[in-house]
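Below is one structure, written out as structure tokens, with a few remarks after it.
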Amino acid sequence: MGQFYDDTENQSRSQLMSDDEIALLDESLRLLGDRQDRAIGYFYAAMFVEAPHLRALFPAAMDVQRDRLFRALLGGVRNLAVPEQFEPMLEQLGRDHRKYGVKAEHYEVLGRALLTALRKHSDYWVPELDAAWTKAYATMAAVMQRGAQDAATREPAWWRGEVVAHERRSDDLAVLLLRTDRPYDYEPGQYASIETPYRPRSWRTYSMATAPSPDGLLEFHVRALSHGWVSGPLVWRAQVGDVLRLGAPMGEMKIDQDSRRDLLLVAGGTGLAPLKAVIDGMSRWNTSRRVTLFFGARRTGDLYDMGPLYRMSAVNQWLTVVPVVSEDATFNGEQGLLPDVVARWSDGYAGWREHDIMVCGSPAMTRATVNRLTALGVPADRMRYDVAGDEHPAAAQVIDLRRTRASRTPR
């Protein structure tokens with residue numbers, strides 16, 4: 001097939017696809033349809049046949065994350081028409097993949113495997129489509145490598161994080177404190193990918209629950225999932241003294257410090273973590289912006305972090321904390337689904353239309369809350385949202401409500 005690219009350092013940031021090429025690629029993806037799973041399997045088979053040593057970069061059991069790289073590549077193609085989204089996303093993806101041990105020479109193998117899989121499972125494959133896919137992958141690989149090369153001058157591929165505290169808040173939820181072996185610079189609202197020694201090469205993303213502090217401690221809220229290769233061991237097996245690995249901080253759900261608008265924060269379950277970090281960060285500089293946090297759970301016992309939240313509200317008079325329970329009639333407070341409760345409170349806050357808004361929780365809760373706020377007239381550019389609790393890949397953490405798919409991370 002030949003080389004996909006010659007010199008990534010000379011790739012121009014304006015090297016994107018024409019409208020006709022993008023339309024051709026988009027059509028081929030839509031026609032792939034329900035054969036995408038078979039294409040994913042063929043992609044990995046082709047890659048491992050050509051380069052068996054790459055198998056060591058992936059977890060022993062690939063049933064959960066075998067499709068993540070493939071879907072990330074396809075997600076990159078879908079964003080080719082939007083350079084301001086395409087380039088940051090791919091640069092971040094290249095930066096993040098350093099922790100897997102991905103090297104420059106691996107991109108050639110990935111590209112050949114991708115095109116082999118697409119050819120095999122496409123209804124039609126003409127020279128124009130082959131050329132468009134070859135160019136698209138060359139563009140993506142160049143941007144990813146640029147992101148990886150830039151990151152290598154500033155930060156390690158991963159950090160060691162020692163567990164210094166592990167507190168079970170319920171049967172399936174734990175709060176962990178980690179101390180990294182070197183400074184870990186991040187913005188409140190971002191997340192990190194974590195690998196445990198119990199499941200090597202399996203990484204999952206979790207949001208930091210505090211702003212950066214002089215003691216260097218990182219707080220994470222983890223709920224064990226039935227299919228959780230990482231979450232389960234973190235809740236039930238991890239103990240003080242264990243050492244985890246952390247990838248670089250990622251995510252764009254950060255507060256606009258230049259805004260003068262008050263904030264509405266809506267958290268479901270462990271989606272509380274990034275919003276708690278935002279509040280923690282604001283406590284160091286905010287004096288005038290009012291913040292209203294709705295923290296929702298099904299049962300009263302699932303409101304696992306109310307003590308710290310009430311202490312934060314006692315110290316910061318600008319913070320109002322509203323716990324919400326949906327399935328406990330005995331709860332002495334707001335009852336109902338989070339989107340409904342937030343809407344009920346909207347009358348006293350001009351429909352939330354003058355607020356900056358952050359939402360984090362399950363995909364269903366996040367989607368329902370954003371849709372309800374949109375119906376109330378809140379402008380889309382005032383809302384930032386992220387998902388939590390489904391062990392999503394870092395490259396796909398932020399939920400894209402227009403396509404009803406996760407498309408980060410993320411948060």
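What accessible area per residue, rounded to a whole number of Å², is obtained for segment 267-318 using a probe radius of 1.4 Å?
It amounts to 38 Å² per residue over segment 267-318.
Counting helices only, and only those DSSP H runs with n ≥ 4, report the 222 nm mean residue ellipticity of the chain as the sum of -39,500 (n - 2.57) divided by its residues, in deg cm²/dmol to the nearest 500.
About -11000 deg cm²/dmol.
Tell me, what HN-Hα J-couplings in whole Hz come from the Karplus equation 6.51 cos²θ - 1.76 cosθ + 1.60 at θ = phi - 60° for each residue of segment 184-191, using x for Gly and Pro?
10, 8, 8, 9, x, x, 7, 9
If the cut-off is 27 Å between C-alpha atoms, which lysines fall inside it for LYS254, apart from same-chain ones fewer than 8 positions away?
Counting by Cα, and skipping residues close in sequence, LYS254 has these lysines nearby: LYS99, LYS276.
Got a sec to turn the phi values of segment 120-132 into Karplus ³J(HN,Hα) couplings, 6.51 cos²θ - 1.76 cosθ + 1.60 with θ = phi - 60°, whole Hz, x for Gly and Pro?
Using θ = phi - 60°, the values come out as 5, 10, 9, 5, 9, 9, 10, x, 5, 6, 4, 5, 5 Hz.
If you stretched the chain out fully between LEU57 and ASN316, how much longer would it get, using 0.36 nm times the residue separation minus the C-alpha to C-alpha distance?
Separation in residues times 0.36 nm, less the Cα-Cα distance, equals 88.6 nm.
Give the shape of segment 342-384 as rounded, prolate or oblate, defined through the alpha-carbon gyration tensor: a ≥ b ≥ c are the square roots of its eigenvalues, a/c under 1.5 means rounded, and otherwise the shape is prolate if a/b is larger than b/c and oblate if not.
Prolate is the answer for segment 342-384, as a/c is 1.5 or above and a/b outweighs b/c.
In whole Hz and in residue order, list the ³J(HN,Hα) couplings for segment 158-174 that follow from phi through the Karplus curve 6.51 cos²θ - 1.76 cosθ + 1.60, θ = phi - 60°; x for Gly and Pro.
7, 10, 8, x, 8, 6, 9, 7, 9, 10, 7, 8, 7, 4, 10, 9, 9
When semi-axes √(5λ) of the Cα gyration tensor in Å is calculated directly from the model, which label among (1) 28, 26, 23; (2) 47, 26, 20; (3) 38, 24, 20 fits?
(3)
If r is the Cβ-Cβ distance from ASP26 to THR300 and R0 is 35 Å, what FRET efficiency results, to the nearest 0.05?
0.15
Taking a probe of 1.4 Å, how large is the accessible area per residue of segment 30-189, in Å²?
Result: 44 Å² of accessible area for each residue.
Using a 1.4 Å probe on the protein heavy atoms, what percent of the accessible area of the chain belongs to carbon and sulfur?
49 percent
Which whole-number value in Å² is the accessible area per residue of segment 212-263, probe 1.4 Å?
Result: 48 Å² per residue.
How far apart, in nanometres, would the label points at VAL82 and TYR349 be if each is projected 7 angstrom from Cα along the Cα-to-Cβ direction?
2.6 nm
Among the lysines, which have Cα under 21 Å from the Cα of LYS135 when same-chain residues fewer than 8 positions away are ignored?
The qualifying lysines are LYS103, LYS120.
What nm value, rounded to one decimal, do you get for the distance between ARG284 and GLU327 when each label is placed 7 Å out toward the C-beta?
3.8 nm
The values are calculated or read from the model by the stated rules, or taken from the named source; none is laboratory data. Quantities reported herein were computed from a predicted structural model and do not represent experimental measurements. All Cβ positions, even for glycine, are placed from backbone atoms using ideal geometry, and neighbour counts span all protein chains on display. The area values use the complete protein model at the heavy-atom level, side chains included, leaving out ligands, DNA and RNA. Shrake-Rupley method; radii C 1.70, N 1.55, O 1.52, S 1.80 Å.
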